[in-house]
Amino acid sequence: MNLIQQIRIKAIDTGAVIVLPEASEERNLRAANFVLENRIAELVLLGNETLINRNALHWNLQHIHKATIIDPSNNPRKQELAELFMEIRAGKGLGMEQALALVEDPLYLAPLLIKSGMADGEVAGAINATGDVLRPAFQIVKTKPGVKSVSGAFIMLLKDKQYGENGIMVFADCAVNPDPGAHELAEIAVASAATARDIAGIEPRVAMLSFSTKGSAQHEKVDRVRKATDLARIMAPDLHIDGEMQADAAIVQAIGKSKAPGSRVAGMANVLVFPSLESGNIAYKLVQRLAGAEAIGPVLQGMAAPINDLSRGCSVDDIINLIAITVNQVNAEKISKTYNKQTLIEV
Ligand code: ACO
């Protein structure tokens, strides 16, 4: 069974409620039908109820009736949710008129439903740009306590099983922070390790990537990665994390041994933290295209409740997979709260 099948199976019958703000769209509705039929999640669909039901009938989607449908422009909870929004944005100059208008926007309504306890997570982005999905999420759901910056990881399933953990690796940040500072990089490292453990099911060994290995080059960008490595070690002392190192030193054993002798990560890294969004985003796309790797994500990490963003070129399967990942994140968070696990030490 491959990783994505495992992720789907782990989600079944766990009862997490996921909201889909783009539910009227065909791929979303087909994915919703599969998710409901296979009990991967309970769903809240945002859109015009008549249109959704008519499309479901037209495409023979027999399980859509199991979802809760909310029409953003005819929502009986509109006033209450607008008041909640104003409360959250107190001090940010949001007026009632503007709040009432934004509550009719599905991309704002979805995080408000999460905040009000009606849903546990959200998947969107099949028809909206990343920034338009993330901005309301940042404003309303915000980050986990102690976390300042949300980031986006990809789980890379490589054809060549000698790399990472039997071919499984996590790359980050590939989706959110254009120019992370040392503190943000450290947070990305700790969050990516959690994604590796909770979603990819591997024990993380985190490499902080640069164009230098252990002082081979001198530059302020190298200093930033070195500082980030120190901070990440303070934040999560139990993690195997090392840097700064070049990509070959991180993933090729012989090179890791010669460039970073004694490192418990070099040559064996399965989580790669890139120094900028440019490098992370370019790297994951090159590995996907040139090495034929499957790229699952981006999995957004660090949000107070899981909200995940699709690519606009996504398939029905991609949406199903991201819903299953979001359910796994909801469940991992519940376990972490149950055991009161404090993974992050604030620095
Ligand atoms: N984590 C947490 N909160 C954040 C983050 C972050 N990384 N970035 C911004 N915020 C918060 C801000 O604090 C602010 O909150 P406030 O209004 O309560 O003060 C709010 O979000 C808006 O902040 P802005 O600085 O105005 O952010 P902006 O709206 O310009 O954009 C965004 C944020 C959309 C994430 C931007 O950084 C962005 O566009 N990043 C690149 C996304 C992208 O295009 N990725 C590549 C494509 S994805 C792919 O290929 C897989």
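Which of the residues belonging to the range 174-193 are crowded, with 24+ Cβ neighbours inside 10 Å and either assigned to a helix (DSSP H, G or I) or more than 12 Å from the ligand (Cβ to nearest atom) (or both)?
L185, A186, E187, I188, A189, V190, A191, S192, A193
Please state which one of N308, N281, N270 is modelled with pLDDT of 95 or more, more than 25 Å from F211 (Cα to Cα) and either within 16 Å of the ligand (Cβ to nearest atom) or crowded, with 19+ Cβ neighbours inside 10 Å (or both). Talk me through it step by step, then tell me what you get.
Details: N281 fails: more than 25 Å from F211 (Cα to Cα); N270 fails: more than 25 Å from F211 (Cα to Cα).
So the residue among N308, N281, N270 that is modelled with pLDDT of 95 or more, more than 25 Å from F211 (Cα to Cα) and either within 16 Å of the ligand (Cβ to nearest atom) or crowded, with 19+ Cβ neighbours inside 10 Å (or both) is N308.
If you take the residues in the range 126-147 that are touching a Gly at 6+ places or on another chain (Cβ under 8 Å) and either free of Cβ contacts under 8 Å to residues at least 12 places away in the same chain or not aliphatic (A, V, I, L, M) (or both), which one is surrounded by the most Cβ atoms within 10 Å (Cβ to Cβ)?
Start the filter on the range 126-147 by keeping residues that are touching a Gly at 6+ places or on another chain (Cβ under 8 Å), which leaves 133, 143-144, 147.
Within this subset, residues satisfying the condition of being either free of Cβ contacts under 8 Å to residues at least 12 places away in the same chain or not aliphatic (A, V, I, L, M) (or both) are 143-144.
Working: T143: 15, K144: 19.
Only one residue tops the list, namely K144.
All but one of (1) hydroxyl-bearing (S, T, Y); (2) more than 16 Å from the ligand (Cβ to nearest atom); (3) under 14 Å from the mean Cα position of the chain (by Cα) hold for S116, so report the exception by its number.
Of (1) hydroxyl-bearing (S, T, Y); (2) more than 16 Å from the ligand (Cβ to nearest atom); (3) under 14 Å from the mean Cα position of the chain (by Cα), only one is false for S116: (3).
So D160 passes all but one of these: (1) buried (at least 20 other Cβ atoms within 10 Å of the Cβ); (2) more than 10 Å from the ligand (Cβ to nearest atom). Which condition number does it fail?
(1)
Given the criteria in a loop (DSSP other than H, G, I, E, B) and touching a strand residue (DSSP E or B) at 6+ places or on another chain (Cβ under 9 Å), does G152 qualify?
Values: in a loop (DSSP other than H, G, I, E, B): no; touching a strand residue (DSSP E or B) at 6+ places or on another chain (Cβ under 9 Å): yes.
Judged against the criteria, G152 is not a match.
If you go through the range 212-224 one residue at a time, do you hit one that is under 24 Å from T143 (Cα atoms) and of a type in the set (A, V, I, L, M)? Show your work before the answer.
Start the filter on the range 212-224 by keeping residues that are under 24 Å from T143 (Cα atoms), which leaves 224.
When the remaining residues are screened for being of a type in the set (A, V, I, L, M), the result is none.
Checked against the condition, which is being under 24 Å from T143 (Cα atoms) and of a type in the set (A, V, I, L, M), the range 212-224 yields no hits at all.
So how many residues does the range 155-173 have that are part of a loop (DSSP other than H, G, I, E, B) and of a type in the set (A, V, I, L, M)?
Taking the range 155-173 and keeping what is part of a loop (DSSP other than H, G, I, E, B), we get 158-164, 166-167, 173.
Keeping just the survivors that are of a type in the set (A, V, I, L, M) gives 158.
The number of residues fulfilling the criteria is 1.
In the range 129-157, what residues are under 19 Å from L209 (Cα atoms) and over 13 Å from the mean Cα position of the chain (by Cα)?
M156, the sole residue that qualifies.
Name the one entry in G146, G131, G125 that is modelled with pLDDT under 95, on the phi > 0 side of the Ramachandran plot and within 13 Å of the ligand (Cβ to nearest atom). Please lay out each step first, then the result.
Working: G131 fails: on the phi > 0 side of the Ramachandran plot; G125 fails: modelled with pLDDT under 95.
Answer to the check: G146.
Only residues in the range 56-68 that are in contact (Cβ under 8 Å) with a residue 60 or more places away in the chain count as the first member; pair them with residues that are surrounded by 13 or more Cβ atoms within 10 Å (Cβ to Cβ), Cβ under 8 angstrom, at least 6 apart or cross-chain, and list the lot.
Filtered contacts from the range 56-68: no entries.
Do any helices (runs of 4 or more DSSP H) entirely within the range 236-347 hold 3 or more residues that are closer than 23 Å to L3 by Cβ and touching a residue at least 12 places away in the same chain (Cβ under 8 Å), and if so, which? Lay out the reasoning, then the answer.
Numbers: elements: 247-251, 253-259, 277-290, 316-338.
Here the list reads 247-251, 277-290, 316-338.
Somewhere in the range 92-99, is a residue within 10 Å of the ligand (Cβ to nearest atom), closer than 25 Å to E184 by Cα and either surrounded by 15 or more Cβ atoms within 10 Å (Cβ to Cβ) or more than 26 Å from the chain's Cα centre (by Cα) (or both)?
yes
The values are calculated or read from the model by the stated rules, or taken from the named source; none is laboratory data. Keep in mind that this is a model prediction, so the values were computed, not measured. When we count neighbours, we look across all protein chains shown, and the Cβ atoms used for this are built from the backbone with ideal geometry, even at glycine.
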